[in-house]
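Here the structure comes first, spelled out in structure tokens, and everything after it is commentary.
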Amino acid sequence: MKKYYILEVSDDSAGESPNNYNWKGKTSASALKNYIHEHKDFPSFMPNLAIEIYDGPNFNKVNDFIFGTIDKFCVSKKVKDILEQFSLPKHRFYPVDIFVRKKILGIIKSRKKLDDEYFAFNFDFFHISNNEHWIDYEKTEFEKNGIYIDKTEHIFLNENFDKNIDLFQLRYSWMTYVSEELMDELIKSKVTGLTFSEINEKQYKVKRPNPKITWEYL
């Protein structure tokens, strides 16, 4: 049985879509998301994706992971090459244009497109690779908000869990889980822009569910 950890992207390299980004375009990030939600698969078209890194000193590093509007992760080619060595959910890597802002006397005068290759590492555990059958709903207790399931502090996973997978997400959790083997490779390769922690170790003032997980077949 693999051991898993939480992967989080730090925000010292962060950005947003450029001001002139066409969100209504037929190949925009919105079009990509809408297609996945409607068809439960990836589209045949190549999305047009871009991110502009903030110019503030706390956010303007150019890391291997960039925090921002790219779904699910914006990663360098170095990270892409590492991920492709591991067992991943159904996914796509889409090219992303990365821009940095240039200032003169504190005023933004221009922006520059980086030559480095970056990609959107896109996967979806809700519409494409639905994994709710991993959850033992008899043992997992939920707090409900009206008629809707709201949250749980403890998820029990049954024998349907994919024991070979190296990266996954779960309904009722905001976390991304990676195997110890993948974590070790990212650390060994000195990948920048991410942190790791034990499952359920961190709890957040702005609530981002990080429930305890029990693999009940162990």
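The values are calculated or read from the model by the stated rules, or taken from the named source; none is laboratory data. Small disclaimer: the values here were computed from a predicted structure and weren't measured. Heads up, the Cβs are rebuilt from the backbone with ideal geometry, glycines too, and the neighbour counts pull from every protein chain shown. For the accessible areas, the whole protein counts, side chains as well, though only heavy atoms, and no ligand, DNA or RNA atoms are used. Shrake-Rupley method; radii C 1.70, N 1.55, O 1.52, S 1.80 Å.
List of remarks:
- Stretching E216 away from D97 to a fully extended chain increases their span by 38.5 nm, per 0.36 nm per residue minus the current alpha-carbon distance.
- Dipole size of the chain about its Cα centre, with +1 on Lys/Arg Cβ and -1 on Asp/Glu Cβ: approximately 1040 debye, rounded to the nearest 20.
- Value at 222 nm in deg cm²/dmol, rounded to 500, when DSSP H runs of n ≥ 4 in the chain each add -39,500 (n - 2.57): -3500 deg cm²/dmol
- The chain: most fluctuating residue of K190, K144, K77 per GNM, C-alpha cutoff 10 Å: K144
- K40/N164 FRET efficiency (R0 22 Å; Cβ-Cβ; nearest 0.05): 0.45
- Debye-formula intensities of the chain, expressed as log10 I(q)/I(0) at q = 0.13 Å⁻¹, are -0.84 (one equal scatterer per alpha-carbon, no solvent).
- Computed from phi, the 3J(HN,Hα) profile of segment 150-162 under the Karplus parametrisation 6.51, -1.76, 1.60 (θ = phi - 60°) reads 9, 7, 9, 9, 8, 9, 9, 9, 9, 6, 6, 3, 6 Hz, with x in place of Gly and Pro.
- Heavy-atom surface of the chain, accessible at 1.4 Å and reported per residue (Å²): 56 Å²
- Surface accessible to a 1.4 Å probe, H154 within the full protein complex, Å²: 50 Å²
- Surface composition of segment 1-125: carbon and sulfur make up 48 percent of the accessible area, probe 1.4 Å.
- Segment 12-121: GluC sites (Glu not before Pro) in DSSP coil with no more than 11 other Cβ atoms inside 10 Å: E84
- Cut-off 19 Å, label 7 Å out along Cα→Cβ of V62, residues of segment 1-37 by amide N: 10-19
- Heavy-atom SASA rank of D116, D124 (probe 1.4 Å, accessible area, largest first): D116, D124
- Once both labels are positioned 7 Å from their Cα atoms along Cα-to-Cβ, the gap between E180 and M1 label points is 1.2 nm.
- With each label modelled as a point 7 angstrom along the Cα→C-beta vector, the E141-T27 pair spans 5.2 nm.
- Angle between the chain longest axis and helix 29-39 axis [Cα atoms, degrees, rounded to 10]: 30 degrees
- Evaluated at q = 0.11, 0.15, 0.19 Å⁻¹, the base-10 log of the normalised Debye intensity for segment 64-139, with identical point scatterers placed on the Cα atoms, takes the values -0.43, -0.66, -0.86.
- Modelled FRET efficiency - R0 25 Å, Q85 with D115, Cβ distances, 0.05 increments: 0.50
- Which of Y21, F123, F156, positive extreme of dipole for the chain (C-beta unit charges): Y21
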